[in-house]
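S.K.: One structure follows; several queries about it will come next.
The values are calculated or read from the model by the stated rules, or taken from the named source; none is laboratory data. Model, not experiment: these values are computed from the prediction. Cβ placement follows ideal geometry from the backbone for every residue including glycine, while neighbour counts extend to all protein chains displayed.
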Amino acid sequence: MGRRRPRHLSASLAEDFRGWQGERTWHSLCHDLTLSAEHRSGGHVRVGWAISDGAPGEEWRFETSTWHEAGEDMRTLAADIRAFIASVAD
């Protein structure tokens, strides 16, 4: 997906509710935060969230996944991500 900002990733996930091929991924410059998304059959999207201690292969890493329905659920998630980013950017 390239070096997009997380708000661009979340917006594209909400807009592409009909699906896409492959995994879309965004990571911070230091690789300490990674977001990934895959559109699955049945109109569901798996969003992967990873927090680590820096570059890949560092001391620790936490990963989890959340499942969302394509469409309105993804639009809500995108809005929540934008609000979170705005709150930590201040």
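S.K.: Can we say residue 57 is modelled with pLDDT under 85 and surrounded by 11 or more Cβ atoms within 10 Å (Cβ to Cβ)? Explain how you work it out, then say what you get.
M.R.: On the way: modelled with pLDDT under 85: yes; surrounded by 11 or more Cβ atoms within 10 Å (Cβ to Cβ): no.
Taking the combined requirement at face value, the residue does not satisfy it.
S.K.: How many residues does the stretch 18-42 contain that are out of contact with any Pro (no Cβ under 8 Å at 6 or more places or on another chain), surrounded by 14 or more Cβ atoms within 10 Å (Cβ to Cβ) and more than 16 Å from residue 65 (Cα to Cα)?
M.R.: 2
S.K.: If you check 76, 64, which single one turns out to be in a strand (DSSP E or B), of a type in the set (Val, Ile, Thr) and modelled with pLDDT of 85 or more?
M.R.: Working: 76 fails: in a strand (DSSP E or B).
Of the residues listed, the single one that is in a strand (DSSP E or B), of a type in the set (Val, Ile, Thr) and modelled with pLDDT of 85 or more is 64.
S.K.: Ok, one more. Considering only the stretch 25-48, how many residues are in a strand (DSSP E or B) and over 13 Å from the mean Cα position of the chain (by Cα)?
M.R.: From the stretch 25-48, those in a strand (DSSP E or B) are 25-27, 33-40, 44-48; that's our starting set.
Applying the additional criterion that residues be over 13 Å from the mean Cα position of the chain (by Cα) yields 40, 44.
Total meeting the criteria: 2.
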